[in-house]
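Inspection log for the structure reproduced underneath, given as structure tokens.
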Amino acid sequence: MTEFYVFVSGPLAWIAWGFFIIGSIYRLVSMYALAKAKDGSSLAYMSLPYSLRSILNWLIPFNTMGWKSDPLMTVATFLFHIGFLLVAVFLGAHAVLWDTAFGISIPSLPGGFGDAVSFVVIAACAVFAYRRLALPHVKGVTRPKDWFSLILVALPFVTGVLAYHQVGPVLLMTTLHVLAGELLLALIPFTRLSHALFALLTRSYMGSEFGAVRHAKDW
Amino acid sequence: MGISKWDWETGQKTVVESLSPIEGHGWQEEPYVSPDGETVAAIVQVDEGVFSVRTNDTVWENTFDKIWGLKFSPDGRLTAICQQDMEWVLVVDGEPMGETTDYIWETKFSEDGSVIATMYKGMERYGVCVDGEPWEELFENVNQYTLSADGAHAAGVAQVQSLGQADIEGFKKGIYTVVVDGVRWPNKYLNVWGPAFDATGEHVAAQVRPSVHAYTIAVDDKPWAATYGQVWEPIFHPKDGSVVAPVRVAGKWGVAKDGNILWEPRYAQCLYLQYGKPGNKLWAVVAPSYGEFTVACDNAAWDVTFPVVTDLVVSPDGTRAAAIGNEDNTNFRIVVDGKAWDGVYDMAWPATFCPGGKNVAAMVEKDGKRIILVNGKPFERSFDMAWPPIFSEDGAKVLIRAIENNSYVRIVADVARF
Amino acid sequence: MSRIADRKVADPGLANGVASLTPEKIEKVVNQVLKGETGAKLKVYQETCMRCGLCSQGCHFYMSHDFDPSYSPVNKATETMYELMNKKGKVTPDQIYLMAQMAFTECNLCKRCAHYCPIGIDTGYIMSMVRRICYMLDVVPQYIRDTSHSHASTMNQMWVKDDEWIDSLQWQEDEARDEFPDLRIPLDKEGADVYYSVIAPEPKFRTQLIYQAAAIMHAAGVDYTMPSEPGWDNSDMCMFVGDYENMGRLKRAHFESAQKLRVKRIVMGECGHAFRSVYDMGNRWLGYKNSPVPIVHAIEFYWELIQQGKIKITHKYEKPVTIQDPCNVMRGRGLMDKLREVVHFLCEEVVEMIPNREHNYCCCAGGGVINCGPPFKNTRMEGNRIKAEQLKATGVHDVVIPCHNCHGGLEDIIGYYDLGMHGKFIGDIIYELMEKPEL
Ligand code: HEM
Ligand code: HEM
Ligand code: SF4
Ligand code: SF4
């Protein structure tokens, strides 16, 4: 078991990172090439100021028509995305890893806070799941892909919390957690979660079209 | 065209001292000038509901209920589309040409101006009227007509089959074809656009849509075997009878010749094909990439690009070309042989080469003043109003037709003075 | 959740088109369009749409059908384009019928949902690409298809023949001279400042609009012209049908007719979709980044004239009015402030609809839906109950509607929901109020 843990937290972690980084670069570069070949009449309108204007406005909760129309989702998604970043990067245990693996030392969340944020993120995932199960306009368009990415995201949090709180065999839980984390990382470029790569670009494009061509706001 | 017979004496003459409306006229519309610059004309309201045409300081004797479409022919005759007692007729130098009818419009001339044509409608039937004579056979509709260079032939697009209300299936069977001198092509197409004659006037090429999603060129009713995503105006080679047209393949534009690709499709746009008289080089306006337009000669594009390029003009020997570049209808430049002249203007008119092809002249507008340019250099004065310059046959002089201080003046200037 | 299959509407254009389809042909054409004409934009949209449903409340169809998820933007995209992409075109002819009905009649391409999607997905674009595929499969509702045929054949939307156009201008000029003796509608006047362009329904059915525009131009002393030759119609049903080839052809005719007359800019009447086709869609197909000749919508033009003091009115319109914001010039051009300044200049009292400005609800006629004709009138009526409620809540009787499509759409809604209201163009009001010569 320990050997397996060593493998998982060692070579496999590098492989996951490899998938994530190389996969992301590949997706972005090939998408850009496709856009250049096929979407010249869209690319030509990209504008940095209007991109930033759009991104900024959408970063403010309840500032947009979309955010106003569904408060529960708005709260959940903001907590989720912020929480995800905080935990994935700045969690005490993870900060140690940044240091050991890359020699980068970064500030870390106080233990109790990290724990609390993790619970909030899990709660947000529960809201996502609830919407997919209970709201007709979400349920109707939910496909296995969507569940897959939701589970993919939720798993490291669930296993991480279990490991942290020493529920179940610690080594097993920690191994599972690391596996889940790596799986998520590796699959971001190839699932719905690739929106982490593309969402800023789609937002920028919409912001540019609305700002520069249509002279209207896109929120 | 008799250019050599015009008065080419260097100097200026005031043709009409005052362009103010003549006493008693209700109003006077915008002025038109003859090619030789000796006559300026305008539609005038001589009384309520009574119109005539003023030429220099005289007025046509005939009056009409309505007049529009004032045009000088290349040989200097003044034509107008006139209505009297609810009937229309083309009036040439004050005299009606042919019988009156329900409607006429779109006056066109042969190259030398000896033939004058209009569209014609009588008893709800359509055709072309040449020198006052309508086609013998008329159609349910005719549009996009054209005249051969010598004026001996006229062609248009005719609707040869009636179409019921919203009959989309009927449309798809084809209801249009080309008519030449009133005689239709046997084939029918979903659409036909822009018929064009060859130099002899014997052959006609047109853009056709043989089926819903296919576009190609038909020459004398024979469509090319290949079809394309879209096509633009075909032109004939001035000598060998071959036909070229811009074609769209997989979203890119190129040029096809007689149904085979000549310029590999790689442009975002390609249009306004032109040969010089010898047919040695093929010119076009192209967009090498999205939003960037320029001119190409034999598929080699100029380096300089503009958001918009129009009015391609090829020198008589086919080796040089000029065009207008602009930024969405502002900041106009005259571009000759791939280089933009220095000035930036509010408007520009097509450039013109002298017969020898050495000199280039154009009219532009800046701050409401018209400026005449030769080889990029402006004439010493600018004008309140002017018309595009014309070179003398030897290319040593230009004729400037202009209005200044409410007078119409005719100036012959030495090219050397620019 | 209702299903599109349960609300299938009979239309000969759709039925005949589908009748000649085979699965092989569908597969071929779908992939041709997907590979040949779409690119990263569509691919990224499909992939990054999180299926979160936030766009739902953006759509008036969804709101008007009691939150029926079948009408949510994401569902419409899922049932049409995403299905075609996932199945790589392996769908049945009957599915194509339903997809066409959805794309042509249950989406106005109004882009209101763009204000709701956090990712920035343009459902209007996705649905227009569905239409494009349907057009390439020859499955298009009959009436709008007919207008696109007219466009391709005459360069105008209503089969207006070349002489009929000139004749109707001259007729309006004649009529107007009874009121303004020296009024002119200058034809083909080279070098004029303004090229005034209209849509074909004006010479065909609404000639008083040409009359009014001529009266306003005359009173304001505008140096303008109208072309006698084709190109005068800026409307564009080819764009909405998915016939981009002839959309390009039409726009070329339009731009070239203005370029040939060496005008400074094109001013257009009160129409929304035509504006979209000229400044956004048609120009791009032709390779122009912007409209090669600047295009000014009537709202902006009237605003300018008012700013310059060129429109003089005898009094303000006394009855309260509300304002319909046409999608294509609000979300399409940001003219909401100018529209309000114009209407406040003309009218005593304005009662706003909520929501308004770029967040307005579409009239449900736009995107060519009204042009799909009588078979789909109910789709528009039931699909825009929310607009009826919005209108009713204002309590006024006059609606200022600076768009042809919105006019048709709102008049129908007003009738269907028995609202007792009446639509007016800005031109109607200016003409009614303007100082006229004493005769
Ligand atoms: C991006 C994906 C990841 C997420 C979202 C994530 C999330 C979490 C969470 C929520 C906890 C528990 C914190 C708490 O409840 O206080 C945790 C703990 C931990 N994580 Fe991750 N993690 C991820 C990836 C990884 C990876 C790739 C590794 C190692 C290679 C790792 C190593 C650890 C360790 C060692 C702990 C501490 C467990 C313990 O205390 O026993 N995590 N993580
Ligand atoms: C640049 C970074 C990111 C941006 C701009 C972004 C943006 C968004 C947006 C706009 C949504 C759509 C609807 C909503 O608000 O929930 C969304 C949903 C979601 N995001 Fe992100 N995201 C980012 C990164 C991430 C990352 C790194 C993850 C996890 C790996 C993630 C996981 C999710 C999940 C699971 C959903 C779906 C919620 C549901 O099921 O309804 N996001 N994101
Ligand atoms: S009708 Fe408008 S709001 Fe509804 S899906 Fe279409 S573009 Fe979006
Ligand atoms: S709001 Fe955007 S991301 Fe969410 S379902 Fe609608 S289109 Fe997809």
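The values are calculated or read from the model by the stated rules, or taken from the named source; none is laboratory data. Source: prediction; values computed, not measured. Virtual Cβ from ideal backbone geometry, glycine too; neighbours counted across all protein chains shown.
Summary table
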quantity	calculated
Positions within region C:72-81 being more than 9 Å from chain A (Cβ to nearest Cβ) and either over 14 Å from C:CYS134 (Cβ atoms) or more than 14 Å from ligand 4 (Cβ to nearest atom) (or both), in sequence order	C:PRO73
Entirely in region B:132-209, the strands (runs of 3 or more DSSP E) that have 3 or more residues that are among the small types (Gly, Ala, Ser), touching a residue at least 12 places away in the same chain (Cβ under 8 Å) and under 23 Å from B:TYR103 (Cα atoms)	B:154-159
Residues that are more than 11 Å from ligand 3 (Cβ to nearest atom) and more than 19 Å from the chain's Cα centre (by Cα), drawn from region C:118-134	C:PRO118, C:ILE119, C:GLY120, C:ILE133, C:CYS134
Cross-chain or 6+ apart pairs with Cβ under 7 Å, region C:358-383 first and farther than 23 Å from C:MET158 by Cβ and of a type in the set (Asp, Glu), then away from ligand 3 (no atom under 15 Å from the Cβ) and assigned to a helix (DSSP H, G or I)	C:GLU358/C:MET336
Residue in region C:86-97 that is within 14 Å of chain A (Cβ to nearest Cβ) and either closer than 29 Å to A:LEU200 by Cα or small (Gly, Ala, Ser) (or both) present	yes
Region B:345-360 residues that are more than 23 Å from C:ALA192 (Cβ to Cβ), paired with ones that are of a type in the set (Ser, Thr, Tyr) (beta carbon under 8 Å, 6 or more apart)	B:PHE353/B:SER315; B:CYS354/B:SER392; B:GLY357/B:SER315; B:GLY357/B:THR319; B:VAL360/B:THR352
Residues that are touching a residue at least 12 places away in the same chain (Cβ under 8 Å) and not hydrophobic (A, V, I, L, M, F, W, C), drawn from region A:205-219	A:TYR205, A:GLY207, A:SER208, A:GLU209, A:GLY211, A:LYS217, A:ASP218
Qualifying positions in region A:54-108 - in a helix (DSSP H, G or I), among the polar types (S, T, N, Q) and surrounded by 15 or more Cβ atoms within 10 Å (Cβ to Cβ)	A:SER54, A:ASN57, A:SER69, A:THR74, A:THR77
Condition met for A:GLY83 (in contact with a Ser or Thr (Cβ under 8 Å, 6 or more places away or on another chain), under 30 Å from B:GLY291 (Cα atoms), without any contact (Cβ under 8 Å) to a residue 60 or more places away in the chain and not acidic (Asp, Glu))	no
Residue within region A:45-63 that is more than 14 Å from ligand 2 (Cβ to nearest atom) and of a type in the set (A, V, I, L, M, F, W, C) present	yes
Residue check, C:SER56 under 27 Å from the mean Cα position of the chain (by Cα), more than 17 Å from C:GLY120 (Cβ to Cβ), at the interface with another protein chain (Cβ under 9 Å from one of its Cβ atoms) and in contact (Cβ under 8 Å) with a residue 24 or more places away in the chain	no
Given (1) away from chain C (no Cβ under 14 Å); (2) within 16 Å of ligand 4 (Cβ to nearest atom), index of the condition A:ALA76 fails	(1)
Residues that are aliphatic (A, V, I, L, M), within 16 Å of A:GLY10 (Cα to Cα) and either modelled with pLDDT under 95 or more than 11 Å from the chain's Cα centre (by Cα) (or both), drawn from region A:173-200	A:LEU176, A:VAL178, A:LEU179, A:ALA180, A:LEU183, A:ALA186
Among residues of region C:199-224, those that are under 20 Å from the mean Cα position of the chain (by Cα) and either within 14 Å of chain B (Cβ to nearest Cβ) or within 18 Å of B:TRP68 (Cα to Cα) (or both), counted	1
Residues located in region B:185-233, provided they are more than 12 Å from chain C (Cβ to nearest Cβ), under 20 Å from the mean Cα position of the chain (by Cα) and closer than 30 Å to C:LEU137 by Cβ	B:ALA206
Residue in region A:19-30 that is more than 16 Å from ligand 3 (Cβ to nearest atom), facing chain C (nearest Cβ under 9 Å) and of a type in the set (Lys, Arg) present	no
Residue within region B:239-249 that is surrounded by fewer than 16 Cβ atoms within 10 Å (Cβ to Cβ), more than 14 Å from chain C (Cβ to nearest Cβ) and of a type in the set (Asp, Glu) present	yes
Helices (runs of 4 or more DSSP H) contained entirely in region C:1-95, each with at least 2 residues that are within 16 Å of ligand 2 (Cβ to nearest atom)	C:40-48, C:73-77
So C:GLU83, is it touching a residue at least 24 places away in the same chain (Cβ under 8 Å), more than 16 Å from ligand 1 (Cβ to nearest atom), in the same structural domain as C:GLY17 (by TED's automatic domain parsing) and more than 23 Å from the chain's Cα centre (by Cα)	no
Residue in region C:375-396 that is farther than 23 Å from C:GLU341 by Cβ and within 14 Å of chain B (Cβ to nearest Cβ) present	yes
Residue within region B:296-305 that is in contact with a Phe, Trp or Tyr (Cβ under 9 Å, 6 or more places away or on another chain) and modelled with pLDDT under 95 present	no
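Quick grid of which residues meet (1) within 12 Å of another protein chain (Cβ to nearest Cβ); (2) within 16 Å of ligand 2 (Cβ to nearest atom); (3) surrounded by fewer than 21 Cβ atoms within 10 Å (Cβ to Cβ); (4) part of a helix (DSSP H, G or I):
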position: C:CYS110; (1), (2), (3), (4): no, no, no, no
position: C:ILE121; (1), (2), (3), (4): yes, yes, no, no
position: C:LEU183; (1), (2), (3), (4): yes, no, yes, no
position: C:GLU190; (1), (2), (3), (4): yes, no, yes, no
position: C:SER197; (1), (2), (3), (4): no, no, no, no
